[in-house]
Amino acid sequence: MQRMTRKNTHTISTPGDSRTGFTRTGRYLRTTLAAVAFATWTLAFVSSGTAQVVQADFDYEASGFVVPAGMTTGQMDGGVMQVGYYPTAAGSSCAAGGCDTGGCDGGCDSMGCNGGGILGDAAVTGGVLRHLAGSGMACGGCGTSGCGFCGGLSNMRHMCIFCRGAGCSVCQMIQQNGRGGPCGLFGIGAGGIYSMLSSIQPYSKAGLCAQRWYDASLEGMFLTHSSGSTGNVNGLTSRGISGPIVLGIDDTDAGGDLEAGFRLSGAVMLGGAGSNIEATWVGEHEWSSEATAFGNGPELFSFISEFGTSPLNGYDDSDRSLQQSVKSTSEFDSVELNYRRRTVTPCCRFQTSWLFGLRYIRYDDSLIYSTLGENNNTVNASLPRFFNSHSRNENKMFGAQAGGDIWWNINPGISLGLGGKLGLLKNDIDSVATYTSNSLDPLATPGTVSFVDGDQDTTVMGEFEIKMIYRLTHSWTVRSSYYLLGVDDVAFGTVDVNRIRQFVTANPVGASQSGMDSLTVQGFSIGGEYVW
């Protein structure tokens, strides 16, 4: 058997019969092909993008960490990136050949970036379809640098067919490797509308749960205010005796115009995060308005003589005027010092705070009424007839207040808030009324007289605010708000009819009748906050 086996194994072919030689050669060839096929299959299996390597048996005892079965090894987090920064393609899943699994549309392996899909290089080798398919060379490279920039407008990135196939990045980004994207789908100059908007996205690294805070804030405030009561007088001047009214207090409305001022605020932590002392100053708001009526001659009559009827033809000083005018001025300031406590809700979507503190409000209001007649003073004909009434009221309000606010964190870096305060204040009122005319002094010569009055009253205050912040960087935030303040029992400048008539007729002058009314201040602000 051994000899037979040896013979069969080592049979030597004779001339004319080569079957045994070919059998030996074929066996060697089959063995070689099988080895090559096995190696190829092994290499494909190892390099497959979908293969999963179980690393549960790896030994990590040196680090004290063992990866659970079926899970891959964790990786180190990436570095901190600035707002608007886009990672390079080298680190993206698309650059690694995973466009079909990494989130980019039209995956490299499914839609033909690298020739494996229905629009790949194997089917279409050039032209528009190749660009639309996003082939490896046309789209700027799924697998090179293109797919790493698939964001926002990724569904249309391959439409950029005029950038030598660089649309995947150029159509969407302001800059890639130093190259702008003027031919992008929304390109303008060296970038695109989407790219420019993305560059001013809010600073969000503080997260949704970041507690509301600022160290200092400065805003421009544009405010108007309500006018006070006119008492029993509205019309001031008529054209002719009992003629039509040509001038009234309503013709001057200083508070009806938006006037610019500022709001300066600062905060200091007290006892830890969430507790702070705040100081706020609103000031430099000044309003002024004036109206004048002109006559064709000495035909203007005042409310003092009931428009020339009592006495008939009016008074020498205040009637038969060539012109009469009225002017109103006002000023507003507010200072407050509060302790505030902030709280973040568990879901971080809302934040609230409460506060209490001290408030000082200063509001001054004046009204000036004046007349000018002919140069025929009975004592000195070279002097004009005139009359001037100036009523000024200063409201100094001080007291305690309490309130709070609530913020809705729409997105990290963007918040919308509502705030309110209520206060009980003491109002110290100082009133000064000054009258000047051409025949006031003895012998009907020009003169001036003033009356000073004081009063105290308790008043209430309410404040409401809608506000919004947009955080640009770690340190800077843009803020804007609608502002409304209401205060009861405030003294306004007015024309005191009874006192003026008593003064003109030389009767004893009674107490002042100031125009008491509610004050409403409202407007908007825009400015910034700073955190250091």
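Candidates are the residues of the stretch 319-360 that are β-branched (Val, Ile, Thr) and not in a loop (DSSP other than H, G, I, E, B); the one that is nearest to the chain's Cα centre (by Cα) is THR352. Just to verify a result, which residue in the stretch 390-407, among those that are of a type in the set (A, V, I, L, M, F, W, C) and surrounded by fewer than 18 Cβ atoms within 10 Å (Cβ to Cβ), is nearest to GLN323 (Cα to Cα)? Among those residues, the one meeting the criterion is PHE398. Report yes if some residue within the stretch 278-285 is within 30 Å of GLY515 (Cα to Cα) and at pLDDT below 90; otherwise report no. No, the stretch 278-285 has no match at all.
Across the stretch 198-223, the qualifying residues are those that are aliphatic (A, V, I, L, M) and within 15 Å of the chain's Cα centre (by Cα), and the one among them that is nearest to GLU259 (Cα to Cα) is MET221. If LEU416 satisfies all but one of (1) in a strand (DSSP E or B); (2) without any contact (Cβ under 8 Å) to a residue 60 or more places away in the chain; (3) over 30 Å from HIS225 (Cα atoms), what's the number of the condition it fails? LEU416 satisfies every listed condition except (3).
For (1) free of Cβ contacts under 8 Å to residues at least 24 places away in the same chain; (2) more than 30 Å from ARG362 (Cα to Cα); (3) part of a loop (DSSP other than H, G, I, E, B); (4) charged (D, E, K, R), each residue gets a yes or a no:
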site	(1), (2), (3), (4)
GLY271	yes, yes, yes, no
ALA279	no, no, no, no
VAL282	no, no, no, no
HIS285	no, no, no, no
PRO298	no, yes, yes, no
PHE301	no, yes, no, no
ILE304	no, yes, no, no
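Regarding SER431, is this residue at pLDDT below 95, crowded, with 17+ Cβ neighbours inside 10 Å, within 26 Å of ASP364 (Cα to Cα) and over 40 Å from the mean Cα position of the chain (by Cα)? Against the criterion (at pLDDT below 95, crowded, with 17+ Cβ neighbours inside 10 Å, within 26 Å of ASP364 (Cα to Cα) and over 40 Å from the mean Cα position of the chain (by Cα)), SER431 qualifies. Of everything in the stretch 369-389 that is in contact (Cβ under 8 Å) with a residue 60 or more places away in the chain and outside any loop (DSSP other than H, G, I, E, B), the residue that is surrounded by the fewest Cβ atoms within 10 Å (Cβ to Cβ) is PHE386.
The values are calculated or read from the model by the stated rules, or taken from the named source; none is laboratory data. None of the values given here were measured: they were computed from a predicted structure. All Cβ positions, glycine included, derive from the backbone under ideal geometry; neighbour counts span all protein chains shown.
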